[in-house]
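K.L.:
After the structure tokens below, expect a handful of questions from me.
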Amino acid sequence: MRVYVESFGCSQNQGEGAAIARDLERHGHGIAPGPQGADVAVLVTCGVIGATEARMLRRWEELGERANRVVVTGCLVPLRTDRFRGPIRERTTFVPIRDQASLPALLGAPVPGETTPVERSVPAIAEEVVIAQGCTSGCSYCFSRLARGPIASVPAEAVVARAAQALARGARELRLTGLDTAAWGSDLPGAPGLPELLGALRALPGDFRLRVGMMSPQSLVPRIDDYLAALDDPRFYRFLHLPVQSGSDRLLSAMHRGYDVATFRRAVDAARARYPELCLSTDLIVGFPGETEDDHRASCRLLEEVEPEIVNVTRFSARPGTPAARLPPVGPRVAKRRSRAMTELRQRLARRRLERWIGHTGRARVVEHGPNGSSVARLDNYLPVVLAERAALGTEVAVRVEGARSTYLVGRLRTPDSK
């Protein structure tokens, strides 16, 4: 059977989609390069905002026109399956996130003597390793928490095994993912934590890089010293994805985030004190219900003070079933104006922050090939460098940074003769 798998949204969704493809392939199914002519199309959905949900519905219809059967999983199942309407629904199966391992049994064994060639998926240089489902928080706006439920950590032995399998497949960059990676282990006996998990992963042999994904400030701060110490391994990226969502303590309380701005600042200050070159990524919500001009200015001021290298700005979108959906909204024009101002600010700050790297020489891991013979490599802190030359995927190369944009650096391969 030819199966096409397509994932949208966060790195956790991407990791789950890749795992589905590998599992189906292991059971003898072919992985199709596109939906046209596929027996089954698997859609891993994201529902973080209303516009994304609408995009998922359109994509579901498109896949249904090209494939004989569609399987829908991800964050829109089962919370929003009523939105999938029309004749294609008769050929659609909905699979909850935590039942994704049942897909090979659901699709059945490949038909003996199939004449259709079986494609084999190309091993990925960078692979997501999902370490937990759900999280410990109860944010008032979060749709993902409703979809994924309370935290369910993958045991350390299983995480290490998954990482080892990824390396054996040819991966050279591992990305630990979850809604809150710093909360990993909080539901397991013996109260192991993320630093202990990283300690187990440090024992893996080989030439690879590892990035730890998104985490919440209140989960990180109690164990931040041990966590930062674990990043001493030169194979681990000096990278921190720490969403703050607002620079206003009043709004953070309304969001039920579980921390204040000072807690976020403590984590950032500690990380940068130990690793001055650390790359900080954060997220901000603009136009949350009740947000005032003072709240907006507080968020802008926090950005100016902290100067993250990466900022993801999201305009608030009420999601059904969340407490925040019942609150009086901020006017769309006001939210749009604030979003535009925040985006312009983060671009300006990021550009200034990245310009400090011009003239830097050092090592980088090649993770992607771009157009016109270019490559994308990542520095020790995960910042991407677009290289003019084509370099072998997965290799470590010497680079020189020659320019900066708001989201990436520009450089060249450094040879023994280069200055």
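Just so you know, all these numbers are worked out from the coordinates, no wet-lab data involved. None of the values given here were measured: they were computed from a predicted structure. Quick reminder, even Gly has a Cβ in these numbers, built from the backbone with ideal geometry, and neighbours come from all protein chains shown.
K.L.:
Taking neighbour Cβ counts within 10 Å as the exposure measure, how do E307, E291 sort from fewest upward?
P.N.:
Placing the least packed residue first, the sequence is E307, E291.
K.L.:
Another question about this same structure. What order do you get for T81, T181 when you list them from fewest to most C-beta neighbours inside 10 Å?
P.N.:
Ascending Cβ contact count within 10 Å gives the list T81, T181.
K.L.:
Please work out the Cα center distance from region 326-370 to region 379-400, rounded to the nearest Å.
P.N.:
Region 326-370 and region 379-400 have Cα centres spaced 21 Å from each other.
K.L.:
While we're here: Starting from 0.36 nm per residue, how many nanometres of slack lie between N312 and Y408 once their C-alpha separation is accounted for?
P.N.:
Going from the current span to full extension adds 33.1 nm.
K.L.:
Turning to a different aspect of this structure: If I require 15 Å or longer along the helix axis, counting alpha carbons, and a Kyte-Doolittle average no lower than 0.5, what helices from the chain are left? Use full DSSP H segments.
P.N.:
Values: long enough: 11-26 (22 Å, -1.12); 50-66 (25 Å, -1.25); 156-168 (18 Å, 1.02); 261-274 (20 Å, -0.14); 293-306 (20 Å, -1.03); 332-355 (34 Å, -1.46).
Correct list, ordered by number: 156-168.
K.L.:
In what sequence do W184, W60 fall when counting other Cβ within 10 Å, fewest first?
P.N.:
Ascending number of Cβ neighbours within 10 Å: W60, W184.
K.L.:
For R66 and A152 in the same chain, what is the full-extension length gain: residue separation times 0.36 nm, less their Cα-Cα distance, in nm? Mind dumping the intermediate values first?
P.N.:
Values: separation 86, 0.36 × 86 = 30.96 nm, distance 3.57 nm.
Contour length minus Cα-Cα distance gives 27.4 nm.
K.L.:
Averaged over every viewing direction, what's the projected area of the C-alpha convex hull for region 126-355? Give it in nm², one decimal, please.
P.N.:
12.7
K.L.:
How much of the DSSP bridge set in the chain is antiparallel, in percent, rounded to the nearest 5?
P.N.:
35
K.L.:
Same structure, new question: Work out how much length L204 to E90 would gain on full extension: take 0.36 nm times their residue separation and subtract the Cα-Cα distance, in nm to one decimal.
P.N.:
Roughly 36.4 nm would be gained on extension.
K.L.:
Could you pull out every Cys in the chain that lacks a partner Cys with its beta carbon under 4.7 Å away?
P.N.:
Isolated Cys, the chain: C10, C46, C75, C135, C279, C300.
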